[in-house]
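A quick write-up on the structure given underneath.
The values are calculated or read from the model by the stated rules, or taken from the named source; none is laboratory data. Given the structure is predicted, the values throughout are model-derived calculations rather than measurements. With ideal geometry, Cβ positions are generated from the backbone for all residues, glycine too; neighbour counts draw on all protein chains shown. The accessibility values were calculated without ligands, DNA or RNA, using every heavy atom of the protein model including side chains. Shrake-Rupley method; radii C 1.70, N 1.55, O 1.52, S 1.80 Å.
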Amino acid sequence: MNERSKELIKEQNRTIPQVLADHFELPVFQDNINNDEVPPDHNYFLVVYGDISRSENQKATGRHLSQDIYVVYLSENNDEVDENCIDIITLLEEVKAISFQRTTKERVQKAETSEYVDRVTLIFSRMIKYERSVSI
């Protein structure tokens, strides 16, 4: 059941990190990162797949779901964060069924220092079509 949708999700889950790593040449982590994995220069991506919900614009058909995808971009000593965000949006909107929603931008203090890191969370959504089950 839903084999086409499952394959699309797997393809997206492979493509998103690969596109980011290839273009920016930065490490990409999925779902979480351990403290001992954090690169010393604090430049990396974290991709987190969020909740699945019924798509607002598809409620009438009842066969489409939406899932948020959070791409967290951490960057230290980089004056081109905003410019890079434009590239991230452009690259990921090329992935089938992925669309950009918005960003949130913060400056995060490094632990026990007076230094800061830029953290931009780019929020995308993906549409997931699902089949109606046969009546039971």
Being within 19 Å of the chain's Cα centre (by Cα) and closer than 22 Å to Glu7 by Cβ narrows it down to one of Gln101, Gln18, so name that one.
Gln18
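Condition first: in contact with a helix residue (DSSP H, G or I) (Cβ under 7 Å, 6 or more places away or on another chain) and at negative phi. Can you find one or more residues in segment 32-44 that meet it?
No, because not a single residue in segment 32-44 is in contact with a helix residue (DSSP H, G or I) (Cβ under 7 Å, 6 or more places away or on another chain) and at negative phi.
In segment 116-129, which residues are open to solvent by 90 Å² or more (accessible area, probe 1.4 Å) and free of Cβ contacts under 8 Å to residues at least 60 places away in the same chain? Let's see the steps before the verdict.
Here is the first cut: in segment 116-129, the ones open to solvent by 90 Å² or more (accessible area, probe 1.4 Å) are 116, 129.
Answer for segment 116-129, where residues must be open to solvent by 90 Å² or more (accessible area, probe 1.4 Å) and free of Cβ contacts under 8 Å to residues at least 60 places away in the same chain: just Tyr116.
Taking segment 83-106 as the search range and keeping residues that are under 17 Å from Glu25 (Cα atoms) and not hydrophobic (A, V, I, L, M, F, W, C), which one is most open to solvent (accessible area, probe 1.4 Å)? Show your work before the answer.
Here is the first cut: in segment 83-106, the residues under 17 Å from Glu25 (Cα atoms) are 83-92.
Among the residues that remain, those that are also not hydrophobic (A, V, I, L, M, F, W, C) are: 83-84, 87, 90.
Working: Glu83: 102, Asn84: 25, Asp87: 61, Thr90: 80 Å².
Of everything passing the filter in segment 83-106, Glu83 is most open to solvent (accessible area, probe 1.4 Å).
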Name the residue, out of Gln30, Gln67, Gln109, that is within 19 Å of Ile9 (Cβ to Cβ) and open to solvent by 80 Å² or more (accessible area, probe 1.4 Å).
Gln30
Restricting attention to segment 12-27, the residues that are assigned to a helix (DSSP H, G or I) and open to solvent by 90 Å² or more (accessible area, probe 1.4 Å) number exactly 4
Among (1) at pLDDT below 95; (2) within 16 Å of the chain's Cα centre (by Cα), the one test that Ala60 misses:
(2)
Search result, residues across segment 85-109 that are in contact with a strand residue (DSSP E or B) (Cβ under 6 Å, 6 or more places away or on another chain) and of a type in the set (Lys, Arg):
Arg102, Lys105, Arg107
So, of the residues in segment 1-10 that are touching a residue at least 60 places away in the same chain (Cβ under 8 Å) and either outside any helix (DSSP H, G or I) or open to solvent by 90 Å² or more (accessible area, probe 1.4 Å) (or both), which turns out to be farthest from Val72 (Cα to Cα)?
Met1
